[in-house]
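Trainee: Sharing a structure, written as structure tokens. Questions coming.
Any read-out appearing in this document is the output of simple, stated calculations on the displayed coordinates, not a laboratory observation. All values derive from a computational prediction rather than experimental measurement. Glycine also receives a Cβ, built like all others from the backbone with ideal geometry; neighbour counts cover every protein chain displayed.
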Amino acid sequence: MTGPKIIFYILAAAIVVFSVLSVADRRILRAAIYLLFVLVAMAGLYYMMNFQFLAAVQLIIYAGGIVVLIIFSILLTSQINSKLDPPKLGNLLLGVITAIGGIAISAVTIVKYGFTPANQPAIEPTMRTIGHQLMDTSEYGYALPFEVIGILLLAALVGTIFIARKT
Amino acid sequence: MNLSSEIPLQYMLVLSTLVFFIGLVSIIIRRNLITMLMGIELMLNAVNINFVAFNHYLFPNRLEGHFFTMIIIAIAAAEAAVAIALIINIYRKVGTVSVDDIEELKY
């Protein structure tokens, strides 16, 4: 066992265990906190794969933004110690069967498929490269998606204010 | 640091498959809108792991998976904000966030 392997197994175990807990726990506030742990462990996974900027984005937007938003809405719409209804037996069976079947099919396909390993030299995802490519309009530039995302966020902001205002 | 000598790509993909289907179970078994939204966030994150893993293992000479993931995170933030605005508006008007009790399109 080497260092990266041990860290990967710890992160993977944390991700799987906490996502199961966040689905299974009937206390909704705890489910949100378990979701936070899953997202933080995923940021660690990005960091392992050398995408430091992405790990920071994941921590800031998901752990800092979306989970806080979800906790706010939980506190606005339910009591702090209220429990969710237990799932209907039919739904529970359907969900578990779907999950096991889907995981089995996908896992068999993934393990059987031979991926061609990369043979090109890797580039370092430094801030300079990321910034240049995000504003570039040539072949590997992402200026158009960047602008479209800006418009989408503006539209979402205006729409959200319009929906949530008091009439 | 390249992980491919330590951890095969398949491990990452199986991990993201597990998270994706756990999120799907959350959508199927829960009737609370906020819990279903949390399931959707889990599924989006599973897809993000896939993009980042493919970028790191198979195409390390460009950053396509990296930018895809950034765009997905931005869209997930917008989606969560709109969904929570809708949920709070529904709660104001109907008094519950359970999908079984929300049966009128126009209140």
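Trainee: Set Lys and Arg Cβ to +1 and Asp and Glu Cβ to -1, take the dipole of the stretch B:37-107 about its Cα centre, and tell me which of B:80, B:37, B:70 lies farthest positive.
Mentor: Selected residue: B:70.
Trainee: Using a 10 angstrom Cβ neighbour count of at most 10 plus a DSSP loop assignment to flag exposed trypsin sites (Lys or Arg not before Pro), which longest range of chain A is free of such sites?
Mentor: A:1-164
Trainee: If you project the alpha carbons of chain A onto the principal axes, what extent comes out on each, in Å, largest first?
Mentor: Here the Cα extents, ordered largest to smallest, are 53, 51, 29 Å.
Trainee: Can you list the residues of the stretch B:7-31 with backbone N under 17 Å from a point 7 Å past the Cα of residue A:115, pointing along Cα to Cβ?
Mentor: Answer for this model: B:7-20.
Trainee: Ok, one more. Determine how many Å³ per residue the convex hull of the Cα atoms of the stretch A:49-131 encloses.
Mentor: Taking only Cα atoms, the stretch A:49-131 has a hull volume of 155 Å³ per residue.
Trainee: Further question on the same structure: Can you compute the modelled spin-label distance between residue A:30 and residue A:139, with each label point 7 Å from Cα toward Cβ, in nm?
Mentor: Roughly 5.4 nm, to one decimal.
Trainee: I'd like the per residue volume of the convex hull spanned by the Cα atoms of the stretch A:123-167, given in cubic angstrom.
Mentor: Expressed per residue, the convex hull around the Cα atoms of the stretch A:123-167 is 75 Å³.
Trainee: Let me check against my output: what whole-number percent is the relative contact order of the stretch B:7-94, with C-alpha pairs under 8 Å and at least 6 apart?
Mentor: RCO, the stretch B:7-94: 27 percent.
Trainee: In peptide A:36-47, what is the residue-averaged number of other protein chain Cβ atoms found within 10 Å of each Cβ?
Mentor: 3
Trainee: What is the fewest-to-most order of B:66, A:132 by other Cβ atoms lying within 10 Å of their Cβ?
Mentor: The order, fewest Cβ neighbours first, is A:132, B:66.
Trainee: Averaged across the residues of B:93-105, what count of C-beta atoms belonging to other chains lies within 10 Å of each residue's C-beta?
Mentor: Partner Cβ neighbours, averaged per residue: 1.
Trainee: Could you tell me what % of all Cα pairs in chain B have separations over 24 Å? Can you show the working numbers first?
Mentor: Working: 2257 of 5671 pairs.
Result for the distance tail: 40 percent.
Trainee: If Rh is defined by the Kirkwood formula over all Cα pairs and Rg also comes from Cα, what ratio Rg/Rh do you get for the stretch B:3-42?
Mentor: My calculation puts Rg/Rh at 1.22.
Trainee: Can you give the FRET efficiency to the nearest 0.05 for residue A:163 and residue A:79, using r as the Cβ-Cβ distance and R₀ = 22 Å?
Mentor: Computed FRET efficiency for residue A:163 and residue A:79 comes out at 0.35.
Trainee: In Å³ and rounded to a whole number, note down the convex hull volume per residue for the Cα atoms of the stretch B:33-85.
Mentor: Enclosed volume per residue, from the Cα hull, is 41 Å³.
Trainee: If Lys and Arg each add +1 and Asp and Glu each add -1, what is the summed charge of the other residues whose beta carbon sits under 14 Å from the beta carbon of residue A:141?
Mentor: With Lys, Arg at +1 and Asp, Glu at -1, the net is -3.
Trainee: Run the quick spin-label model on residue A:100 and residue A:13: label points 7 Å from Cα toward the beta carbon, then report their separation in nm to one decimal.
Mentor: Going by the 7 Å Cα→Cβ label model, 2.4 nm.
Trainee: Quick one: give the max-minus-min coordinate of the C-alpha atoms of the stretch A:1-85 along each principal axis, largest first, in Å.
Mentor: Between the extreme Cα coordinates on each principal axis of the stretch A:1-85 lie 45, 25, 12 Å.
Trainee: A further question follows. So what's the net charge close to residue B:92: Lys and Arg +1, Asp and Glu -1, counting the other residues with Cβ under 13 Å from its Cβ?
Mentor: So the surrounding residues net to +3.
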